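Worksheet: the structure to be examined is printed underneath.
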Amino acid sequence: MTAALSIDGVSKRYGSLTALNAVSFEIAQGEFFGLLGPNGAGKSTLINIIAGLVRKDAGTVAVLGHDTVRNFRGARRNLGVVPQELVYDPFFTVQEILRIQAGYYGCGSESAAWIDELLTALDLQDKRGAKMRQLSGGMKRRVLIAQALVHKPPVVVLDEPTAGVDVELRRALWKFTRRLHGEGHTIVLTTHYLEEAEALCERIAVMDGGELRALEPTRAFLDRHPFRFLRIKLAPDAVLPDAIRALVVDGADGDYELRLKAGEQRIGEVLEALRAAELRLLDVHTREPSLEDVFVELTGDAA
């Protein structure tokens, strides 16, 4: 089966800065794919190359087999991109913008029913006659999503779609995104909310410094980092033994999180060491590593 997105040896430089260095991977049709990385990793540059907004220096990109340079029209017809920035014309109404976008892709009068469906699904029906400059930031974000989907693209790229929006809108957007995925759309998501990627994405790529650092199914991605965390609460003036302090990754004043590596540190041994040091344990609980923990392991970006 032809890949939804094929990225082969893509490089891009801006003067002395290497934004992308020979990046290669494929995304299967119908996949929910996460593209993660710290700021400056090269994610937005890659998305702009896929969308035809930036010219790459080397490599090839294809959307459902359509090369983005040799067959830009075919590639763009199969792709919908929701940009990170709120880019819009302030003088058109919501419905006018969607009709203009549909016309840009050659969609005729048959698009009217789909536009109505998008307005309903994104809770924009009562805003259809409002000009874009009159909308809140969250409503503008919904319009950008509708605009990206107006031509029913099989491949949808969401570039940090929930950045700066409230919890209610985030939930609404992910409900709609799950629906699109359930209907067979390929979804590519970039986000700094790593719990979203962990909950939604079937496979994850991590970029850093313009290079691909990891590419795995989400579950395998988590499983290959064999450690867990132990949270302990002691008296604020408690002094940890040196062997225990070496395991601390977060906390102070008696409330600490310890990172335990499988096969090397056992929870029972830690608790026994605390008892031997005559430290009174007020509370304790464990947790498995999250995608955020693995992300920090790979990129060193605790921020």
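The values are calculated or read from the model by the stated rules, or taken from the named source; none is laboratory data. None of the values given here were measured: they were computed from a predicted structure. Reconstructed Cβ throughout: ideal geometry from the backbone, glycine too, with neighbour counts over all protein chains shown. We work out accessible area using only protein heavy atoms, side chains counted, and drop any ligands, DNA or RNA first. Shrake-Rupley method; radii C 1.70, N 1.55, O 1.52, S 1.80 Å.
Calculated from the structure at hand, log10 I(q)/I(0) by the Debye sum over Cα atoms at q = 0.07, 0.16 Å⁻¹ is found among (1) -0.40, -1.26; (2) -0.36, -1.24; (3) -0.26, -1.24 as (2). Using the Cβ of G251 as centre and a radius below 10 Å, the other residues enclosed give a net charge of -2, where K and R count +1 and D and E count -1. Each Lys and Arg adds +1 at its Cβ and each Asp and Glu adds -1 at its Cβ; summed about the Cα centre, segment 155-302 shows a dipole of about 480 debye. Just add up the charged neighbours of E216: K/R +1, D/E -1, any other residue whose Cβ is under 14 Å from the Cβ of E216. Charge balance near E216 sits at -2. Quick one: Cα centre-to-centre distance for segment 174-193 and segment 208-229, in angstrom? One Cα centre to the other: 21 Å.
In percent, rounded to a whole number, the relative contact order of the chain is 20, using alpha-carbon pairs under 8 Å and six or more apart. Computing FRET efficiency as 1/(1 + (r/R0)^6) for T2 and E264, where r is the C-beta to C-beta distance and R0 is 41 Å, gives about 0.35.
Note on segment 82-219: along the principal axes its Cα atoms extend 44, 28, 27 Å, ordered by decreasing extent. A simple charge model with +1 on the Cβ of Lys and Arg, -1 on the Cβ of Asp and Glu and nothing else charged puts the dipole of segment 18-105 at about 240 debye relative to its Cα centre. Computed on segment 1-125, with alpha-carbon pairs under 8 angstrom and 6+ residues apart, the relative contact order is 21 percent. In a reduced charge model with +1 at each Lys and Arg Cβ and -1 at each Asp and Glu Cβ, the chain shows a dipole moment near 1140 debye about its Cα centre. Accessible area per residue for segment 6-74 is 46 Å², calculated with a 1.4 Å probe on protein heavy atoms, without ligands, DNA or RNA.
The GluC sites (Glu not before Pro) found in segment 254-299 that occupy coil by DSSP, while having at most 12 further C-beta atoms within 10 Å, are E264, E278. On the beta carbon distance between A199 and E278, with R0 = 41 Å, the FRET formula returns roughly 0.45.
Where does the charge balance sit around C107 when Lys and Arg score +1, Asp and Glu -1, over other residues with C-beta under 12 Å from its C-beta? With Lys, Arg at +1 and Asp, Glu at -1, the neighbours total +2. The base-10 log of I(q)/I(0) for segment 35-78, evaluated at q = 0.28 Å⁻¹, reads -0.98 [Debye formula, identical scatterers on Cα atoms, solvent excluded]. Ranked from largest to smallest solvent-accessible area, with a 1.4 Å probe on the protein heavy atoms, M139, M1 come out as M1, M139. Think of the chain as having a plus end and a minus end, set by charges on the Cβ of Lys, Arg, Asp and Glu; of A273, V249, L180, L180 sits farthest toward the positive end of this dipole. Note on the chain: with neighbouring protein chains present and a 1.4 Å probe, carbon and sulfur make up 49 percent of its accessible heavy-atom surface.
Excluding same-chain neighbours fewer than eight residues apart, the lysines reachable from K131 by a Cα-Cα span under 16 Å are K140. Within the same chain, lysines fewer than 8 places from K12 are excluded, and of the rest, those with a Cα less than 26 Å from its Cα are K43, K56.
The Cα trace of segment 219-303 gives Rg and Dmax of 13.5, 40 Å, the first to one decimal, the second as a whole number.
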